[in-house]
Each structure stands twice: as structure tokens, then as C-alpha cells.
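Derivation of every value follows stated rules applied to the coordinates shown; laboratory data play no part. Model, not experiment: these values are computed from the prediction. Don't worry about glycine lacking a Cβ; one is built from the backbone with ideal geometry, like all the others, and counts go over all protein chains shown.
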Amino acid sequence: MKGLIIGCGTIGERHLQNLKKNGITNIAICDTDKKRANQIARRYTVKKFYDLHSALSFEPEFSFICTHPTSHLEIANICVNANSHIFQPILRGSNKC
């Protein structure tokens, strides 16, 4: 299985740790903060991308959206259109999800 973590903050890093603990090793990360992406990629030995469209060239079967909630819907649509199953929090009271 190929997975993508979008957003490398504390939540993204936690999902990455859990995936690795559960035997998923073909993982890439994506973050526009190049310094953060480089640190996480080095720490966990994963592929890194700095933009979503490049990251989707990795052809992930699933993507964890770990960005600011206001970007979830746009990123989810892009991932679904790229045939990547998505995991993201559902915003309480949101009529957009």
C-alpha cells in the first residue's frame, strides 16, 4: 500500500508514526514548509514533496489530510480526483463535508 500524509505538523507526524507501527512503509509526505518536510522525511526515512500535485504523482492509494481545516475540502477533492482514498476529520456542524 502507498500512503500520503498531507501536512507535517504534530497530527501528520502522529499519523505517520502510527502507519509505520502498523507495517505501512511505502509512505510519502507533503508540506509546503520545506524545512519541516525535510526534517520529517529524514527522521522517518520517507519520500517528501513540497506541493500536492507533485505528491500525487507518487500515486498514493490513500491520503491523510492533516492541514488546517479550511483547506480540507479542496485537498479532499483533489485527492479523490486522483483516485486516492482520503482520511480527514469531519468538521462538526459543517454543511460542506
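Going through the stretch 1-75, which chymotrypsin sites (Phe, Trp or Tyr not before Pro) have at most 14 other Cβ atoms within 10 Å and a DSSP loop state? For chymotrypsin sites (Phe, Trp or Tyr not before Pro) across the stretch 1-75 that sit outside H, G, I, E and B with at most 14 neighbouring Cβ atoms in 10 Å, the list reads 50. Each helix, a run of at least 4 DSSP H residues, gives -39500 (n - 2.57); summed and divided by the residues of the chain, these come to -11500 deg cm²/dmol at 222 nm. Counting only DSSP beta bridges whose two residues both lie in the stretch 2-68, roughly 0 percent are antiparallel. The share of Cα pairs per 5 Å bin across the chain, counted from zero up to the longest distance, runs 3, 14, 27, 27, 18, 8, 2, 1 percent. Magnitude of the charge dipole for the chain, about its Cα centre and with charges confined to Cβ atoms of Lys, Arg (+1) and Asp, Glu (-1), is about 400 debye.
Between residue 57 and residue 18, the distance separating the two model label sites (each 7 Å from Cα on the Cα→Cβ line) works out to 3.0 nm. Each Cα pair under 8 Å and six or more residues apart adds its separation to the average, and for the stretch 12-93 the resulting relative contact order is 24 percent. Close amide H pairs (under 5 Å, H built 1.01 Å from N) link residue 4 with 28, 62, 63, 64, residues at least 5 positions away or on another chain. The angle separating the long axis of helix 34-44 from the principal Cα axis of greatest extent in the chain is about 60 degrees. How far is helix 72-81 tilted, in degrees, relative to the longest principal axis of the Cα atoms in the chain, given as a value from 0 to 90 rounded to the nearest 10? Its long axis makes an angle of about 80 degrees.
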